1. Of the listed peptides 79-90, 131-142, 106-117, 201-212, what is their order by residue-averaged count of other C-beta atoms within 10 Å, with the highest listed first?
2. What is the sum of charges around T214, taking Lys and Arg as +1, Asp and Glu as -1, for the other residues whose C-beta is under 15 Å from the C-beta of T214?
3. What nm distance separates the two modelled labels at R34 and V115, each placed 7 Å from Cα along Cα→Cβ?
4. With θ set to phi - 60° and the Karplus curve 6.51 cos²θ - 1.76 cosθ + 1.60, what are the ³J(HN,Hα) couplings of the range 187-192 in order, to the nearest whole Hz, using x for Gly and Pro?
5. With a ≥ b ≥ c the root eigenvalues of the C-alpha gyration tensor of the range 102-253, is it rounded (a/c under 1.5), prolate (a/b larger than b/c) or oblate?
6. Apply the Karplus curve 6.51 cos²θ - 1.76 cosθ + 1.60, θ = phi - 60°, to the phi angles in the range 215-225 and return the couplings in whole Hz, x for Gly and Pro.
7. Could you go through the range 229-235 in sequence order and give the Karplus-derived ³J(HN,Hα) for each residue, using 6.51 cos²θ - 1.76 cosθ + 1.60 with θ = phi - 60°, rounded to whole Hz, and x for Gly and Pro?
8. Please list the non-local residues whose amide H lies under 5 Å from the amide H of R144, H modeled 1.01 Å from N, same-chain partners needing a gap of 5 or more.
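Nothing in this text is a laboratory measurement; each read-out follows from the coordinates by a stated rule. Given the structure is predicted, the values throughout are model-derived calculations rather than measurements. Positions of Cβ are generated from backbone atoms using ideal geometry, with glycine treated the same way; all protein chains shown enter the neighbour counts.
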Amino acid sequence: MDARLGRAYTCAVMAVLERIDTEETLAERLPPARELALSALLLGVTAVWGWTFIVVKEAITHAGVFSFLTLRFALAALVMAPFALRSMTPRTWRVGCGIGVLLGLSYILQTVGLVHTTATNSGLITGLFVVFAPLWNGLLYGVRTDWVFRIQVAVSLLGLALLTGIGPAPLAVGDLLTFGCAVAFGAHIALLDRHSREHDPRGLALAQLVAATTLFALLWPCVEPLRIPVEVRVWGAIALCAVAATALGFYAQTLAQRRLPAVRTAIILTMEPVFAALFGRWLGAEELRPVQMLGGLLMVGAVLGASLHSPASKASGEKAV
């Protein structure tokens, strides 16, 4: 939950989106010790992103979905503002706010879905956004979708069927909402892929956070009482998601994106749904049957394959995804 944008989820998806470059394209290689330290930092942030699924599920039992999202994203925007405002331009505001509305809709689907499903399912299903991003790139921008991605989509859907179709509550509404969230996050990534290189990443992320916060705040009184939560555990979850998962996550992701090989970054990011499942089992006592575990493994494998596979671009300049 992230998110991901540390996702807010933006940070995660921006790196997953990057083409898998060769190590020779890096501006400069870090000494092995610093490279290991940066990898450990990114892995730690990815673990926090996985942890937030169970944290948020607990928090929204004591606070409304929209109150939690509004306060979380507002705090994240305040934390990021001092570092991002200097890089803002009117065009960055316009583009970022447009993308931020889609980000907000994605989080609404994810968080409402989390009310009706387990943190484990939510983490695994949300991770499918990496698979759907290339499909959206093809639909929106005519980017050629490689046949490997079509296989990965089929594998991920098979995994989803095994994960959600076995157990006492097959095809729960929460799973369907979360699947819609993964599709929406895929579209969000496609938009970022198109626009992120033209804008400072800090400014683009801030504009998205502001737009999402505004959307949540406008919807809040329409669907929930306007009540500020007073529970300490809720504010702890808000602080964790806003500061650790978003502000620190963005910083770590930016460093990794610039200094680590992209293949390593993609592999580390793939661990988010794995951490979500581990924390769901450890802290939430959520269990998966063997067939459901197989489904989860198929989904993680599809996400990893989508993160690592990057065909070379055509000589004509057509982007191959």
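1. Values: 79-90: 14.5, 131-142: 19.7, 106-117: 23.1, 201-212: 25.8.
With the highest mean Cβ count within 10 Å placed first, the list reads 201-212, 106-117, 131-142, 79-90.
2. Numbers: positive: R72, R94; negative: none.
Charge balance near T214 sits at +2.
3. It is 4.8 nm.
4. 5, 4, 5, 4, 5, 5
5. Working: a/c = 1.94, a/b = 1.14, b/c = 1.70.
The shape class here is oblate.
6. Once rounded to whole Hz, the list reads 4, 4, 5, 5, 7, 3, x, 7, 10, 9, x.
7. Per-residue couplings from phi come out as x, 10, 5, 4, 5, 5, 5 Hz.
8. Residues meeting the criterion, in which the H sits 1.01 Å from N, are K319, V321.
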